[in-house]
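Structure, as structure tokens:
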Amino acid sequence: MPHVVFVAPRFLENTNRYVRAFAALEGVTLSVVSADPESAIPEALRPRIAGHYAVPNVVDGEQLTAAVRAISRGVGRVDRLAGALEQLQTPMAQARDVLGIEGINSAVARNFRDKDRMKEVLRAHGVPVARSVLVRSLRELALFVGHVGYPVIVKPQAGLGSRATFRVESPEDLAALASKGALPTDAQPLQVEEFVRAREHTCETVTVRGVPVWRSGTRYFPTPLEVLETPWVQYCVLLPRDPGEEPWASFAPTNAAALAALFGEHASSAAGTALTHMEWFLREDGTALVNEVGARPPGVHIMPMMSMAHETDMVRDWAELIAFDRFVPKARRWAAGAAFFRGQGRGTRVVSVLGVEDAVAAAGDALVEMRAPKVGAARAEGYEGEGWALVKHASTEGAKRALKALIEHVQVRYG
Ligand SMILES: Nc1ncnc2c1ncn2[C@@H]1O[C@H](COP(=O)(O)OP(=O)(O)OP(=O)(O)O)[C@@H](O)[C@H]1O
Ligand SMILES: [Mg+2]
């Protein structure tokens with residue numbers, strides 16, 4: 001009976017889904033590490049949790065290692081250490097290394113977490129990526145611009161949520177980096193890349209011991225960078241009806257090559273059993289470039305979208321994959337999508353939400369679930385927005401129409 005330790009920072013709605021999924025697996029001993037105290041574990045789950053250990057900071061590798069060690073002493077040998085958040089990937093790898101737990105180790109985690117290293121590894125294996133460099137000074141940055149020209153994109157070496165990611169189009173933009181706190185230094189190098197003008201897609205892949213056994217993909221409308229640069233823009237993620245649809249189908253060999261490169265010699269071990277989230281660019285000329293890959297379940301509602309489109313529960317499927325190295329490929333039955341509602345105007349609170357009823361009527365039967373923005377709510381940070389809706393439809397075009405109707409009707413104002 002595998003003993004799985006799941007790292008749940010807090011017992012919040014989304015995390016509880018994952019805890020519940022592991023708890024529901026027959027033949028699994030489940031323990032949990034959290035920052036929340038034991039009293040915060042939902043009542044219904046308690047009888048299923050063999051061991052619990054709280055640490056103040058679960059993303060601290062040493063604290064996490066101490067917690068997992070304590071659980072292994074109390075409950076028994078730990079077979080799998082799992083967590084869904086990007087920030088957990090490096091500390092979990094550190095704990096696996098120290099405690100001898102199978103799975104993604106620090107060397108593999110680095111391929112996924114360090115954007116510079118990721119691109120180096122991909123390039124070395126012939127996987128197409130944007131030209132990039134890690135710079136430690138403005139001089140080095142200017143030198144790179146001299147080679148590739150403006151615009152370039154700068155981002156943290158281990159970023160997430162598109163935070164501190166900027167487009168640099170001119171010497172003025174370059175000079176302005178200091179005021180944005182994005183000045184490259186020895187202590188805080190910056191990832192710099194040639195700017196790729198392209199449509200942005202994702203490829204979600206299930207690999208079992210390094211072998212891709214299933215894929216799903218989406219497209220972002222517009223790109224996450226445009227969403228961040230344009231605070232008033234609403235945006236959507238679309239999952240097409242047919243897994244053989246282009247451009248996703250043609251991307252499969254590139255996806256396979258990229259994953260093989262990143263898992264490397266560890267692919268055929270438990271490290272290669274994963275659900276990965278790859279973001280990729282499709283340029284006008286039809287060529288694809290890999291942008292980045294997360295060795296974790298995707299965000300921006302792609303998990304529920306995949307669940308709807310394939311009539312399954314992807315969280316449960318992921319838990320089963322991690323615990324048992326097992327995945328039953330799912331057939332696609334629907335197109336799906338997510339719309340994200342964001343506000344217009346200045347201000348720190350939502351002061352009005354209009355058009356929700358019209359949006360619901362216009363989306364019709366395609367609408368599956370909606371969290372309407374709330375008047376009075378504090379303005380959301382990042383790209384997730386003030387509310388969202390999920391749709392599914394028998395055709396890609398139908399899902400697109402429903403998404404368009406939703407974002408055209410819902411109007412949020414800040415004040
Ligand atoms: N080389 C590039 N050319 C054009 N746009 C880029 C490039 N690199 C990043 N971007 C834009 O910036 C966004 C964020 O970059 P990236 O995905 O590398 O960072 P991240 O912070 O890990 O993102 P997230 O966690 O939001 O997926 C991308 O989704 C894309 O829109
Ligand atoms: Mg990204």
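The values are calculated or read from the model by the stated rules, or taken from the named source; none is laboratory data. Because the structure is a prediction, the values reported are computed rather than measured. Cβ coordinates were reconstructed from backbone atoms using ideal geometry, including for glycine residues, and neighbour counts include every protein chain displayed. When the accessible area is computed, the model is the full protein with side chains, heavy atoms only, and any ligands, DNA or RNA have been set aside. Shrake-Rupley method; radii C 1.70, N 1.55, O 1.52, S 1.80 Å.
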Next item on the list: Would you please list the contacts, defined by Cβ atoms under 9 Å and residues six or more apart or on different chains, that run from a residue in region 10-36 that is at positive phi to a residue that is modelled with pLDDT under 95?
Entry: GLY27/MET1
Item checked: Residue count, region 226-257 (criterion: outside any helix (DSSP H, G or I), surrounded by fewer than 22 Cβ atoms within 10 Å (Cβ to Cβ) and within 16 Å of ligand 2 (Cβ to nearest atom)) -> 0
Check: What number goes with the only condition from (1) open to solvent by less than 30 Å² (accessible area, probe 1.4 Å); (2) in contact with a Gly (Cβ under 8 Å, 6 or more places away or on another chain); (3) away from ligand 2 (no atom under 16 Å from the Cβ) that CYS203 does not pass?
Finding: (3)
Notebook entry, point to check: Of all residues in region 164-198, which are open to solvent by less than 40 Å² (accessible area, probe 1.4 Å) and part of a loop (DSSP other than H, G, I, E, B)?
Noted result: THR165, SER170, LEU177, ALA182, PRO184, PRO189, VAL196
Note to self: Condition first: aliphatic (A, V, I, L, M) and free of Cβ contacts under 8 Å to residues at least 24 places away in the same chain. Now tell me which residues in region 273-313 satisfy that.
What the structure shows: MET303
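Residue by residue, here is whether (1) in contact with a helix residue (DSSP H, G or I) (Cβ under 9 Å, 6 or more places away or on another chain); (2) assigned to a helix (DSSP H, G or I) holds:
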position	(1), (2)
VAL7	yes, no
ARG10	yes, no
ARG17	yes, yes
ALA21	yes, yes
LEU25	yes, no
ASP36	no, no
SER39	no, yes
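Every residue, every condition in (1) within 23 Å of GLU384 (Cβ to Cβ); (2) more than 16 Å from ligand 2 (Cβ to nearest atom), yes or no:
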| position | (1), (2) |
| --- | --- |
| ALA130 | no, no |
| GLY149 | no, yes |
| ALA158 | yes, no |
| SER162 | yes, no |
| GLU172 | no, yes |
Notebook entry, point to check: Can GLU62 be described as assigned to a loop (DSSP other than H, G, I, E, B) and of a type outside the set (S, T, N, Q)?
Noted result: no
Notebook entry, point to check: With respect to the numbered conditions (1) open to solvent by 10 Å² or more (accessible area, probe 1.4 Å); (2) within 16 Å of ligand 1 (Cβ to nearest atom); (3) modelled with pLDDT of 95 or more; (4) within 30 Å of GLU369 (Cβ to Cβ), which one is the sole condition not fulfilled by GLY299?
Noted result: (3)
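Only one residue in ALA288, ALA339 is more than 16 Å from ligand 1 (Cβ to nearest atom) and modelled with pLDDT of 95 or more. Which one?
It is ALA339.
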Next item on the list: Among what's in region 207-227 and is at pLDDT below 95 and among the β-branched types (Val, Ile, Thr), pick the residue that is nearest to ligand 1 (Cβ to nearest atom).
Entry: THR223
Check: When region 356-384 is examined, which residues are found to be of a type in the set (Gly, Ala, Ser) and buried (at least 21 other Cβ atoms within 10 Å of the Cβ)?
Finding: ALA359, ALA363, ALA366
Item checked: Listing of helices (runs of 4 or more DSSP H) fully contained in region 304-415 that carry 1 or more residues being polar (S, T, N, Q) and touching a Pro at 6+ places or on another chain (Cβ under 9 Å) -> 396-409
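Of the residues PHE195, PHE221, PHE166, which is in contact with a helix residue (DSSP H, G or I) (Cβ under 7 Å, 6 or more places away or on another chain) and within 16 Å of ligand 2 (Cβ to nearest atom)?
When all the criteria are applied, what remains is PHE166.
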Check: Which number in (1) open to solvent by 10 Å² or more (accessible area, probe 1.4 Å); (2) more than 17 Å from GLY126 (Cα to Cα) marks the one condition that ASN291 misses?
Finding: (2)
Next item on the list: Would you confirm whether any residue within region 322-331 is in contact (Cβ under 8 Å) with a residue 60 or more places away in the chain, away from ligand 1 (no atom under 16 Å from the Cβ) and surrounded by 20 or more Cβ atoms within 10 Å (Cβ to Cβ)?
Entry: yes
